[in-house]
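Each remark here refers to the structure printed beneath this line.
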Amino acid sequence: MHPTDLLPWHSPLWDTLQPARRAQRMPHALLLSGVRGMGKLQFAQRLIWALLCEQPDADGVPCEHCKACHLLHADTHPDFLNLTPEAEGKAIKVDQIRALQGFTSLTANYGRHHVILLHPAEAMNVNAANSLLKLLEEPPPDTLLILLSHQPQALLPTIRSRCQQLDFNRPDLQVSRAWLMAQLPDASAHPDLLLNLQAQAPLAALRMASQMQQRRQAFEAWQALLDRRQDPLEVAAIWLELGCANSLEWLLSWTMDLLRYHSTQDANTLQNTDLQATLCSVSWRFRPRLLFSLLQEQQQHRQLLLRSTSVKPQSLLEDVALSWLEKIT
Ligand SMILES: [Zn+2]
């Protein structure tokens, strides 16, 4: 995918912005919101190119030849600033927001605009958010601030209200399925299953496609653990090898399905449709109350893994494996 490709479900949102872009009357701030995997970043990149290219066409497609396009390709355009946490999962700090004032007070070098992309916006800590609010209250001229958020409800309402919000809703299944099938190299992949596993977010489903083999290995290790065929520490080591964060996500998803089956007794409500038969039979080996506590524990572990620098993935996964063994009957 080229950074300026428009994804099929983006067209309506893109079209709403074009009159203002052509008239050079863009709002000061945009908030692109929606669950992960909807392509918000891709949309923002297309918009940045459309705004900074010297000769975009009427629909905002960049020329690819001008100086601005070359600088964007090389990721060195001086009028564009990409603001993210210093490490994934960490906070955006107040110093990073304060630095924006210096950036916007410069004269734009090549185009008419400064463009700032800040993501994910919910990563701003309290001081950073308050500092950004001040900037939004007195927006610098000829500057567009693009905020991306997977959890817009976590932002200050006063920040939200000062942005024009674009909601990236889940596309129709036919649209997602057709797009996903065109992207998948393997004709035997199951687009509906992938979409189900990723809450119908197409880009997340595409990423999932490359992890299905690992997910299967993690699942087999989990089954061996529950059947007491494999030592919990060995199982934890397998999960670690497959990726701590991914393994936790998969375990959370299976736990949710076990709970779903307990409450509905309808296999069709499960998200992991390829693992349906096993999940349904495993479900009865747990009391719902204990499944809830497993769910909570694993959610806490996920938070810890994201937020804390001192957490040791191996011992975290060992705790998880032991907890499953404790609670099974
Ligand atoms: Zn250009």
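What percent does the relative contact order of region 211-327 come to when contacts are Cα pairs within less than 8 Å and at least six residues apart?
33 percent.
Using only Cα atoms, find the angle between the long axis of helix 288-307 and the longest principal axis of the chain, and express it within 0 to 90 degrees, rounded to the nearest 10.
In the chain, helix 288-307 runs at an angle near 40 degrees to the longest axis.
Defining a contact as two alpha carbons under 8 Å apart and six or more residues distant in sequence, what relative contact order in percent does the chain show?
Across the chain, relative contact order equals 17 percent.
How big is region 273-329 by Rg and Dmax over its Cα atoms, in Å?
13.3, 38
What net charge is computed for the residues neighbouring Q211, neighbours being all others with C-beta under 14 Å from the C-beta of Q211, Lys and Arg scored +1, Asp and Glu -1?
Result for the neighbourhood of Q211: -1.
Where does the chain land at 222 nm, in deg cm²/dmol rounded to the nearest 500, when only DSSP H runs of n ≥ 4 count, each adding -39500 (n - 2.57), divided by all residues?
The helix contribution divided over the chain gives -16500 deg cm²/dmol.
For the chain, count the residues as N, evaluate 2.2 N^0.38 Å, and divide the Cα radius of gyration by that value, please.
Ratio of Rg to 2.2 N^0.38 Å for the chain: 1.15.
If packing is taken as the mean number of other Cβ atoms within 10 Å per residue, what is the order of 285-298, 178-191, highest first?
285-298, 178-191
Report the extension gain between E234 and R307 in nm, rounded to one decimal, defined as 0.36 nm multiplied by the number of residues separating them, less their alpha carbon distance.
Net length gain for the segment: 23.7 nm.
Using θ = phi - 60° and the Karplus relation 6.51 cos²θ - 1.76 cosθ + 1.60, list the HN-Hα couplings for region 188-193 in order, rounded to whole Hz, with x at every Gly or Pro.
8, 5, 10, x, 5, 4
Can you tell me the orientation of helix 232-242 relative to the chain, as the angle in degrees between its alpha-carbon axis and the longest Cα principal axis, to the nearest 10?
The two axes meet at around 30 degrees.
Every read-out reported here was derived from the displayed coordinates using simple, explicitly stated rules and does not represent laboratory data. Note that the coordinates shown come from a computational prediction; the quantities given were computed from them, not determined experimentally. Counting neighbours? That spans all protein chains shown, and the Cβs are built from the backbone with ideal geometry, glycine included.
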